[in-house]
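Engineer: Before I ask anything, let me first share the structure, which is written out below as structure tokens.
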Amino acid sequence: LFGHPIVATGLGPPVVLFIVLVLLQLLPLPPALVKLVSPATARLDAESLPGYAGGQEVDFARTGSFLAGAGHDATVSRILEAPDDAPKGLSVRGSVYRPLSMYPYSTVDRLIVLLCLCIVFAVSLHVLSSRERIEWLLRALVLFGFALALFGIIQRLSWNGKIFWLIPVDPGASPFGPFVNHNHFAAYLAMIVPVATGLLMDEARRLLPGATGRLVATHGPEPFARLLLAAFVVGLMSGAVVLSASRGAVLALLGAFFLYGGALAVQG
């Protein structure tokens, strides 16, 4: 593509299918098909759109009386009878063909975000094509997670009611670190901890007789220091997740330790 080889990951088909699924939710469908695919959506359309249940055009001019009873169309009438030129193409009647999405604008907005993320993923996949680049990214990610965890713990122990000790938050919020919601902080950090655990296991593997055939004594003190440093980083980030009091993140972290750690152990 544009002179660059395409990296095959096997993720293309499911991503494309998911995008197609989102697009299908934006496709205008007849009432019978909407009812067949999503009875709940058809029922909500029938309850909120005047004329939809009878298979007729949706008359938005009757929305007030349709939802709140007779005599509640004054607002719509005043808008339609305003002494000025109506916007070109304005119509108070809509097609009976409705999409599955209850808020198509928001669906399109989220779809654009998804496509942007797919582009970022594809670019990252091709840029990070060597082991050296991947290791650099992982170490940078772990370093950021370590700094985030350290900041969160320090701020928690010296909490004055403000994020960064400067930005006030709503009394109903539950901040931790730079996040207004402690669950978001814990969820984000819980995704970095398994990466740090992988680096820890990699450092531990260096001290064991492996592919190089060298013994522990031939490595010197540096590998032990690197191993202790990696263990400290993992422990600090795990402690920050626990200190955030997010039960879901703690359970997810335990599951990641068992699944991800076990897979690395078997692979190694």
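Engineer: For the stretch 40-53, which residues satisfy the criterion of being among the small types (Gly, Ala, Ser) and open to solvent by less than 60 Å² (accessible area, probe 1.4 Å)?
Structural biologist: Restricting attention to the stretch 40-53, the residues satisfying the condition of being among the small types (Gly, Ala, Ser) are 40, 42, 46, 48, 51, 53.
Within the stretch 40-53, 40, 42, 46, 48, 51 qualify.
Engineer: Among the candidates 111, 115, which residue alone is surrounded by 14 or more Cβ atoms within 10 Å (Cβ to Cβ) and either within 30 Å of residue 18 (Cα to Cα) or at pLDDT 85 or above (or both)? Before the answer, list the steps.
Structural biologist: Values: 115 fails: surrounded by 14 or more Cβ atoms within 10 Å (Cβ to Cβ).
Only one candidate qualifies: 111.
Engineer: Separate question: Suppose we filter the stretch 128-146 for residues that are in a helix (DSSP H, G or I) and surrounded by 11 or more Cβ atoms within 10 Å (Cβ to Cβ); how many remain? Full working, then the answer.
Structural biologist: Filtering the stretch 128-146 down to residues in a helix (DSSP H, G or I) leaves 131-146.
Narrowing further to those that are surrounded by 11 or more Cβ atoms within 10 Å (Cβ to Cβ): 133-139, 141-146.
Qualifying residue count, the stretch 128-146: 13.
Engineer: Further, regarding this structure: Based on this model, can you work out whether residue 8 counts as surrounded by fewer than 11 Cβ atoms within 10 Å (Cβ to Cβ), at pLDDT below 80 and farther than 24 Å from residue 121 by Cα?
Structural biologist: Details: surrounded by fewer than 11 Cβ atoms within 10 Å (Cβ to Cβ): yes; at pLDDT below 80: yes; farther than 24 Å from residue 121 by Cα: no.
So residue 8 does not fit the description; no.
Engineer: Same structure again: Failed condition for residue 86, given (1) surrounded by 14 or more Cβ atoms within 10 Å (Cβ to Cβ); (2) assigned to a loop (DSSP other than H, G, I, E, B); (3) at pLDDT below 65, with all others met?
Structural biologist: Among (1) surrounded by 14 or more Cβ atoms within 10 Å (Cβ to Cβ); (2) assigned to a loop (DSSP other than H, G, I, E, B); (3) at pLDDT below 65, the lone unmet condition for residue 86 is (1).
The values are calculated or read from the model by the stated rules, or taken from the named source; none is laboratory data. Here the structure is a predicted model, which is why all the values come from computation and not from measurement. With ideal geometry, Cβ positions are generated from the backbone for all residues, glycine too; neighbour counts draw on all protein chains shown. SASA here: full protein model, heavy atoms, side chains in, ligands and nucleic acids out. Shrake-Rupley method; radii C 1.70, N 1.55, O 1.52, S 1.80 Å.
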